[in-house]
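The values are calculated or read from the model by the stated rules, or taken from the named source; none is laboratory data. Just so it is clear, the structure is predicted and the values come from calculations on it, not from any experiment. Backbone-built Cβ (ideal geometry, glycine too); neighbour counts: all protein chains shown. Quick note on the areas: whole protein, heavy atoms, side chains included, nothing else; ligands and nucleic acids left out. Shrake-Rupley method; radii C 1.70, N 1.55, O 1.52, S 1.80 Å.
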Amino acid sequence: QVDAVRVYVNSNSENLQYPVLFVVRQQKGVLSWQVPLIFRGLYQRTYNYQEVSRTLCPSEPTPETGPSEQIIFVDVASMAPFNIAYELLVTRLENFQLETNKAFNFTASPSQPQYFLYKFPQDVDSVIIKVVSDAVYPCSVVSVQDIVCPVYDLDHNVEFNGVYQSMTKQAAITVQRKDFPGEQFFVVFVIKPEDYACGGSVPSAVHGNVNRTWNLQRTKNLQVTIVPSIKKSVYVQAMFFSFLSFLSFYLGSVVVAFVHYIRVQRKASAGRLSPEDGSGIMTSSHPITASTPEGSSYGAIDESSSSGGRQLSSPERGLPAGSDTDSSVEEESDFDTMPEIESDKNVIRTKVFLYLSDLSRKDRRIVSKKYKIYFWNIITIAVFYALPVIQLVITYQTVVNVTGNQDICYYNFLCAHPLGVLSAFNNILSNVGHMLLGFLFLLIVLRRDILHRRAMEMKDVYTLDYGIPKHFGLFYAMGIALMMEGVLSACYHVCPNYSNFQFDTSFMYMIAGLCMLKLYQTRHPDINASAYSAYASFAVVICLAVLGVVFGKNDMWFWVIFSMIHVLASLALSTQIYYMGRFKIDLGIFRRAAMVLYTDCIQQCSRPMYMDRMVLLIVGNLVNWSFAIFGLVYRPRDFASYILGIFICNLLLYLAFYIIMKLRSSEKLLPIPLFCIVATAVVWAAALYFFFQTLSSWEETPAESREKNRPCILLGFFDDHDVWHFLSAAALFFSFLVLLTLDDDLDAVRRDKIPVF
């Protein structure tokens, strides 16, 4: 048993010029302090205490000598020219050593800190120190220090040694046996003289003279419990669970592909293949009759018609349909900048009833190359973004490990399982789903791309006039974005805090934006945004997100400017969508839009030419204006989630509109996309439930954030946010499959019969 002695002193002296000095000399060290004991706070405020109680560094009996007496010298001195009364009390601590799974209650104050000893049991390699209090304030600090004298147990030196974190009502520190060669440590509890470090207010006025009432005002009742942490076998189980759960998606994809292959082979053996196999891949020739209606060849790349009716050169006529041969003359500008083409586009795209053939008139190879730029650009962005991010979070983790300051990172400390140098390995492991499912989606898209190319090589060029144009560049970009979301979310959770929050959200914005672009591209392949303008827009959004976090908490001017930008951007984009890209976006767009509004709605009220588009845009603008008003009035603190909410609501609105219009146009949903839609809705609902279970918040102080910490809920290893990672990865994967398979029913339909909406 370890013996510990506590010294209590009290003096009624109020003269700070002549304090009473106490020096305690022991065999292994010297401890000294003065009474009144002075603590310094923010802005040079001082807090004086007449009652001081300190625990002396304990002596542990050795096996050779056994229990022995301690000789302690207490020296009391003062330079005062008059007598000063003081009280000195030395007591032996009965409950100095903490026991496993046994709660211990005690009281501490700034001038009366406490610390206790804990020894690892033989079969325990890791423990969690759980500290709770019924009162939020006063602010306190919990520290874990090695068995070294002196013990740093005052506000001004508690951060000099060991691992520490601030606390209001709850704290938790995971301690591993390997970090303490002696297999024991001190748990130190210090009460701070002020509460600003824990989010409390600073006293408006504190007098410089002695204030005896501080002795009573700053006491805090605490309860500490040390419980064993998880064993190594739980780490292995969690890793197996994480990988096997998502590898089952690979197995399911193989089964679906095999069933599809068997079905195609049976149709082939029966000699009754349709132009399409129902999965977006053309599998047999389609006879082209001589009685093709005039005008139905829009989108067909043949000898007589290309983009805008331009003749293809003779070498081009012999090329296979799937060829993507580069040519210096095959540039989009060759087809877009000719005056007659511009005139033709104005005529075509302003028709009342548009069909897909009207908006898929450009050369397929040129458009495919345009959309492949999305893929190559996002790879470039990912590399340049990820490398400095990885370097930065490694630095953060190193700083945490070296300094022991656990207030730097906002973990869920009640479920933070370390591994190696990582403090919360479970939060990183749970992101493996994004990477595995993103890679699986790339494989699915690659399979479709390869089968489509093979089908094109086997087909007559006239058959290109069927189904939705197959451009896979955006799908590849979505797969890369999903994988990068997993990588950057894992990087963020290495040390989540105010400085690196955008690592976790940047690719979320890009995923939502790419999904909207893909949905729009499906029936508007010729007029979708270029990769450069799309990624530039994402960059602007990320900049606004950073500015919102910095200025959005209290600055009204930021919310006014942001709301104006939001509303004006919604109007400009609505105008562009309504007029199918024929309303140029420049500085004069609002003047022209106002003129059209005055002419068509005020001067001569008439029914909108494109009613369906108008309904969508009105609803969309109402939603976005509501977001702008909500932000202006309530100014939500989590600006990053606010921006993400805008993206997600717009995406869901557009997807719902698309599906409604598809069904309204007598199109059907095949079993696979229908299953994916249901799975998406169910998994997203479950994922959002866990997302809103807030376990920490870098918008608050570290101590306030720890009040939200909760124990693990899955396998004793994963918390609510980890489950969100698992489910959101699956939900995004199913969402991507919805976009990939939604229009498979149209593969045997001519493009001049497919409506645009």
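What translational diffusion coefficient, to the nearest whole µm²/s, does region 604-757 have by Stokes-Einstein, given a Kirkwood radius computed over alpha-carbon pairs, a temperature of 25 °C and 0.890 mPa s viscosity? Using the Kirkwood radius from Cα pairs, D works out to 130 µm²/s. Here the peptides 46-53, 627-634 are ranked by packing, the mean other Cβ count within 10 Å, and the order with the highest first is 46-53, 627-634.
If I model region 1-94 as equal point scatterers sitting on the Cα atoms and use the Debye formula, what is log10 I(q)/I(0) at q = 0.14 Å⁻¹? Reported log10 I(q)/I(0), two decimals: -0.60.
Where a ≥ b ≥ c are the square roots of the eigenvalues of the C-alpha gyration tensor, would you call region 420-512 rounded, which needs a/c under 1.5, or, failing that, prolate if a/b is larger than b/c, or oblate? Can you show the working numbers first?
Working: a/c = 6.06, a/b = 2.84, b/c = 2.14.
It is prolate, given that a/c is not under 1.5 and a/b is the larger ratio.
Taking θ as phi - 60° and the Karplus parameters 6.51, -1.76 and 1.60, the scalar couplings of region 526-536 work out to 7, 10, 6, 5, 6, 4, 5, 5, 5, 5, 5 Hz in sequence order, x denoting glycine and proline. For the pair region 478-492 / region 416-442, the C-alpha centres are spaced 10 Å from each other.
Pull out a ≥ b ≥ c, the square roots of the eigenvalues of the alpha-carbon gyration tensor of region 634-684, then state rounded if a/c is under 1.5, prolate if not and a/b is larger than b/c, and oblate in the remaining case.
Values: a/c = 5.22, a/b = 2.11, b/c = 2.47.
It comes out oblate by the Cα gyration axes.
Bridging of residue 369 to lysines at a Cα separation below 16 Å is possible for 470, 518, once same-chain residues fewer than 8 apart are set aside. Within the shell defined by Cβ-Cβ distances under 11 Å, the residues around residue 177 carry a net charge of -2, with Lys and Arg each +1 and Asp and Glu each -1. Within the shell defined by Cβ-Cβ distances under 13 Å, the residues around residue 728 carry a net charge of -4, with Lys and Arg each +1 and Asp and Glu each -1. Dimensions of region 350-496 based on its C-alpha atoms, expressed as ranges along the principal axes with the largest first, amount to 69, 32, 26 Å.
To the nearest 20 debye, what charge dipole does region 77-156 have about its Cα centre, counting +1 at the Cβ of each Lys and Arg and -1 at the Cβ of each Asp and Glu? Walk me through the numbers before you get to the answer.
Working: 4 positive and 9 negative charges, 18 e Å.
Here the size comes out at about 80 debye.
Rank-order 189-196, 37-44 by packing density, defined as the average count of other C-beta atoms within 10 Å over each peptide's residues, highest first. List each step's numbers first, then the result.
Values: 189-196: 22.6, 37-44: 14.4.
Output ranking for 189-196, 37-44: 189-196, 37-44.
Any idea what the dipole of region 357-407 comes to, in debye rounded to 20, about its Cα centre with Lys/Arg Cβ at +1 and Asp/Glu Cβ at -1? If you can, show how the numbers build up before the last one.
Values: 7 positive and 3 negative charges, 138 e Å.
The dipole magnitude comes to about 660 debye.
Positive-end ranking of 72, 91, 48 along the dipole of region 1-94, with charges on Cβ about the Cα centre, is headed by 48.
When each of the peptides 85-91, 738-744 is scored by how many other beta carbons lie within 10 Å of its residues on average, the order from highest to lowest is 738-744, 85-91. Summarise the accessible area of region 69-149 (1.4 Å probe, protein heavy atoms) by the percent that is carbon and sulfur. Carbon-and-sulfur percentage of accessible area, whole number: 51.
Measuring against 20 Å, Cα to Cα, the residue pairs 178/708; 169/232; 130/231 contain 178/708; 169/232 as the ones spanning a longer distance.
Would you mind classifying region 68-207 by shape? Square roots of the alpha carbon gyration tensor eigenvalues, ordered a ≥ b ≥ c; an a/c under 1.5 is rounded, otherwise it is prolate if a/b is larger than b/c and oblate if not. Present the calculation step by step, with values, prior to reporting the outcome.
On the way: a/c = 2.13, a/b = 1.22, b/c = 1.75.
Here region 68-207 falls in the oblate category.
Pairs of Cα atoms in region 460-526 fall into 10 Å distance bins, from 0 up to the last occupied one, in shares of 20, 35, 23, 14, 6, 2 percent. Taking Cβ atoms as reference points and 14 Å as the exclusive limit, the residues near residue 491 contribute a net charge of -2, counting Lys and Arg as +1 and Asp and Glu as -1.
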